[in-house]
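Everything below concerns the one structure shown next.
Each reported figure results from applying straightforward, stated rules to the coordinates on display, with no laboratory input. Bear in mind that the values here come from a model prediction, so they are computed numbers and not experimental data. Cβ atoms come from the backbone with ideal geometry, glycine included; neighbour counts cover every protein chain shown.
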Amino acid sequence: MRSLKSRLMLAALLSLIVARLPAADSVAPDIKVSRIHYNIPDVELVREDGRHVRLPDEINDGRPVVLNFIFTSCGSICPLMSQVFGQFQHELGAGSRRVHLMSISIDPEEDTPARLREYALKFGASAGWQHYTGTVRASVAAQRAFDVYRGDKMGHSAVTLMRPAPGADWVRLDGFATPSELMEQYREMLPAK
């Protein structure tokens, strides 16, 4: 049996180690942040409400844009990114309608507007967060324009893109951003008022 002194020293050592660990909510995977100019392809997409829209019109509607690429049958990256978008939209509160969240499917053959509506509901998407599908050609063109095309849906990676206004450079986040990191990058991206 260990002596009382040994147990106290072990407890003190463990307390010291635990005290030096960052808080659970501050631990996040590394993300790479870069600023890039992208040329938006003039392709037609279909929103989850069934409306046919032009990608440049949707992206250039005057609001800041936060964009990701997902597919509804994904069991790994996409649900995490969509959960982050849902929490981010919630944290925006009343201001969430002034931000255009966009999720573009990388599996348009399976992701119909109805499937996208169902998927959006799972993550609490409200007004201001729209999901898009379309033709394979349109999806691939959008993916290539934003340098996220990886050949097939199983090779995709976690990328979030943000832009404060039409014509501005995009902030690219490679990796899993937490809702707080996304909010921090969003606020840094906005012009000072």
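Around the amide H of Ile70, modelled in the peptide plane, lie the amide H atoms of Ile104, Ser105, Ile106, all under 5 Å away and 5 or more residues distant in sequence or on another chain. Across segment 104-114, coupling constants 3J(HN,Hα) worked out from phi with the 6.51/-1.76/1.60 Karplus curve, θ = phi - 60°, read 9, 6, 9, 10, x, 5, 9, 8, 6, x, 5 Hz, and Gly and Pro carry x.
Restriction of the GluC sites (Glu not before Pro) in segment 85-193 to DSSP coil positions whose beta-carbon has at most 15 other beta-carbons within 10 angstrom yields Glu109, Glu110.
With θ taken as phi - 60° and the Karplus curve 6.51 cos²θ - 1.76 cosθ + 1.60 applied, the whole-hertz 3J(HN,Hα) list for segment 132-146 is 10, 9, x, 7, 4, 4, 5, 5, 5, 4, 5, 4, 5, 4, 9 Hz, x standing for glycine and proline. Remark on Trp170: its backbone amide H falls under 5 Å from those of Ile36, His37, Tyr38, a criterion applied only to residues 5 or more positions apart or on other chains, H modelled at 1.01 Å from N. Working note: Karplus 6.51/-1.76/1.60 with θ = phi - 60° gives segment 176-184 the couplings 7, 7, 6, x, 5, 5, 4, 5, 4 Hz, where Gly and Pro are set to x. For segment 31-189, relative contact order (Cα pairs under 8 Å, six or more residues apart, normalised by length) works out to 35 percent.
One chain, two ends: Asp147 and Ile36. Fully extended at 0.36 nm per residue, the span grows by 38.9 nm beyond their Cα-Cα distance.
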